Amino acid sequence: MFIKQTKVWLILTIALSLLALASACSKPEGGKGEPTPTTGGTAYTPTGKEGSVTGAIAYTGTPPAPKKIDTSADPACGSKNPNLSTEDNVVTNGKLANVFVYIKDGSTADGKKIAEFTFATPSTPVILDQNGCHYRPHVLGAMVNQDIQITNSDPTTHNIHFTPKNNPDWNQSQPNGAPPLMHKLTRSEVLVPVKCNQHPWMKAYVGVLKHPFFAVSAEDGSYTIKGVPPGTYTVIAWHEGGATGAEKPMTVTVPANGTAKADFSFGEAAAAAGRPSLEMMPALEFPMLGRH
Amino acid sequence: MNRGVHRFALLVAGATFFLIIAGALVTSHDAGLATSDWPLTEGRFLPKVESLGIRTGVNMVGNLFWEHGHRMVATAVGLLTIGLVVFLFVKEPRQWVRRLGVVALVGVVAQGLLGGLTVKLNLPLVVSAAHATLAQLFFCTTVSLAVFTSPSWIKERPVIEEQRSLPLRYLCVAAATAIFLQLIIGATLRHSATWDQPLPTDLLLTHLGGAIAVTLLLGSVALVILRRHPGDSFLTRPAKVALSLLLLQLFLGIAAYITRVASPNDPQPLNPMVGITVAHVACGALVFATTIVLTLRAFKVLRSSASSFEFATAER
């Protein structure tokens, strides 16, 4: 009986290992997104009539107070950045920073879809620095295939971990003093979460688009998207929170050599969206112990 | 019988239980990818301990403490398992016990490879869940080795005739199977969302359903044993332990759910969520191991009426 049992256990062990290996080996390179065409479409040629989209991001209501980060697990973080706290709602005088604003779709004044154009990828990288055990900047944008240069300015080891849905997962350790790492995302995705598994409070978000029409709100809530061809577009403002963040759409018309205004507001509604939705929440609830 | 082998098997089982706790701590802290290296961390294995003169080792700070610590404990368990197999081949006369030792060795090697695979592939769900499931199987193998080498197992015991239509032995197997399936669901649930993400509702409800099934099955097994064989501590002791652990596990499950639901709003994995969730994993392992012990013992002393004149001996 026990020899038989031994064989069963052995077979179970081997079967599990093979299953895991097979699954791992069959993992697709990317996700479910479409590959970004590096060729195809019409290359956009500036006409000199480009305008801009500008505005400010307001925060209505009282923003939640930043939460203090416990850095005791890594003294290097506490010594370099003793006041480390959460950055999901950076509000100054009612204005919200770190909101990613971008053109989602639309048409130029001559009726061509913006998605039909291709735009040259900048040769200069965008910088993502690990400094004081948090990411600087907290939210950034990059074009598809544009280099993202990752630096470590801290006296400790970080690991930089991109956790996209439409691009391959990427994780790389970066000890203090190590040279910058370069990474690029080959598919558009808004937004790619970045985290440090070494310091789990560290989070950043990278918006990756096929075109250069995006911006991130500054500390005063302002943003400007430059070089936009005249036309009518759907502009999205994205702010982190909850499982996938909160989005606000707006339709704008950019005049030739002019500016379209698009102000957005987050706050109470965004905070509500920031809590896990009913679809994501388990069926059981314990309201007396929940956090509100 | 060699008491040394039994004690060593107990040591390996205890170390494996500690390893399961270390692994659960890695998952709850989301530390599995704290380093992209494997099997070494930044090319090193020993931790940096300046007081001992080790200045070039792994700096065990942040989540590296959990991830690299897990690797060190796993290495120790691997070495202990090799030692146990050698011990068995030198001192253990029963061939099937020696073979089970080899199974344990294969299991710990496979487990190490799965651990490496999941790190190198950035924690795919299936590989991580398989790693967590195999950990439980390996733990039960070491517990079984401790049972088979124990004096209480080797001692001759009279066979008890089972005259009921539903043999207790098969109830035990059903309970152990249900617990194993529940462990797979639990492992998948844990690895399907990190601390800052909401748990998937379908898996959570499946896990809840599994908990009900396990409670009914294991509760029935324990109560039947306590009713049919009240004076036989060989059976009642593991039954009582299993029942107590089951109740504790249900309590820990509810507590883990409450803390885990709140954790996505926390700035980092906080100790209440980590502690209770890890305790839930550890208690689950103990429930499984105790049920395996109970099942093995039931098969040793319980027989259907046709074989009631046999004696349960060490050779079985």
- Message: Pairs of alpha-carbon atoms within less than 8 angstrom and 6+ residues apart define the contacts here; what relative contact order does the range A:121-208 have, in percent?
- Response: 32 percent
- Is there a simple number for the mean count of other chain Cβ atoms within 10 Å of the Cβ of residues in B:103-110, and what is it? 4
- Output field shielding_mean for B:89-102 (other chain Cβ, 10 Å radius) holds 2
- Mean other chain Cβ within 10 Å across B:257-269 is 6
- Item | Helix-derived mean residue ellipticity, 222 nm - over chain B, DSSP H n ≥ 4, -39500 (n - 2.57), to 500 | -24500 deg cm²/dmol
- Item | the range B:156-316 - percent relative contact order, Cα under 8 Å, separation 6 or more | 42 percent
- Task: Could you work out how far apart the two model spin labels at residue A:83 and residue B:170 are, taking each label as a point 7 Å from the Cα in the direction of the beta carbon, and quote it in nm?
- Result: 7.1 nm
- Please state, as a whole number in µm²/s, the translational diffusion coefficient that the Stokes-Einstein equation yields for the range B:200-249 at 20 °C and 1.002 mPa s, with Rh defined as the Kirkwood radius across alpha carbon pairs. 182 µm²/s
- Item | With Cα atoms, 0 to 90° folded angle of helix B:64-91 axis to chain B main axis | 30 degrees
- Task: Quick one: grab the alpha carbon gyration tensor of the range B:81-163, order the square roots of its eigenvalues as a ≥ b ≥ c, and give me rounded if a/c is under 1.5, else prolate or oblate depending on whether a/b is larger than b/c.
- Result: oblate
- Item | Between helix B:168-191 and chain B: long-axis angle, C-alpha atoms, 0 to 90°, nearest 10 | 10 degrees
- Message: Compute the helix-to-body angle for B:95-120: its Cα long axis versus the longest principal axis of chain B, expressed 0 to 90° and rounded to tens.
- Response: 20 degrees
- Note on the structure: Residues B:99, B:297, B:227 in order from fewest to most other beta-carbon atoms within 10 Å are B:227, B:99, B:297
- Task: Fewest Cβ neighbours within 10 Å first, please rank B:143, B:278 accordingly.
- Result: B:278, B:143
- Item | Convex hull volume per residue for the range A:121-208, taking Cα atoms only, in Å³ | 76 Å³
- Item | Ordering of B:242-249, A:123-130 by packing [mean C-beta count within 10 Å, highest first] | B:242-249, A:123-130
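State to the nearest 20 debye the size of the charge dipole of the range A:121-208 about its Cα centre, where the only charges are +1 on K and R beta carbons and -1 on D and E beta carbons. Provide the component values of the computation, followed by the final result.
Values: 6 positive and 5 negative charges, 35 e Å.
My answer is approximately 160 debye.
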- Going highest first, how would you order A:142-155, B:204-217, A:186-199 by mean Cβ packing within 10 Å? A:186-199, A:142-155, B:204-217
- Query: Where Lys and Arg each count +1 and Asp and Glu each count -1, what net charge lies around residue B:190 among other residues with Cβ under 15 Å from its Cβ?
  - Reply: -2
- Task: First obtain the Kirkwood hydrodynamic radius of chain B from its Cα pairs, then insert it into the Stokes-Einstein equation at 4 °C and 1.567 mPa s, and state the resulting D in µm² per second as a whole number.
- Result: 62 µm²/s
- Item | Largest-first ellipsoid semi-axes for the protein assembly as shown, taking √(5λ) over the Cα gyration tensor eigenvalues, angstrom | 55, 25, 22
- If eta is 0.890 mPa s and T is 25 °C, what Stokes-Einstein diffusion coefficient results for the range B:1-155, Kirkwood Rh from Cα pairs, in µm²/s? 150 µm²/s
- Task: For the range B:1-61, just list the percent of Cα-Cα distances falling in each 5 Å bin from zero outward, please.
- Result: 4, 15, 13, 17, 16, 15, 10, 6, 3, 0
- Given charges of +1 on the Cβ of Lys and Arg and -1 on the Cβ of Asp and Glu, with all other atoms neutral, how large is the dipole of the protein assembly as shown about its Cα centre, in debye to the nearest 20? 2240 debye
- Task: Tell me the label-point distance for the pair residue B:163, residue B:99, using the 7 Å Cα-to-Cβ offset, in nm and rounded to one decimal.
- Result: 3.6 nm
- Item | Cβ-based exposure ranking for B:263, B:165, in which fewest neighbours within 10 Å come first | B:165, B:263
- Message: Give the separation of the Cα centroids, the range B:79-129 to the range B:253-270, in Å.
- Response: 33 Å
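No value in this document is a laboratory result; all are computed from the given coordinates. Everything numeric in this text was worked out from a predicted model, so none of it was measured. Counting neighbours? That spans all protein chains shown, and the Cβs are built from the backbone with ideal geometry, glycine included.
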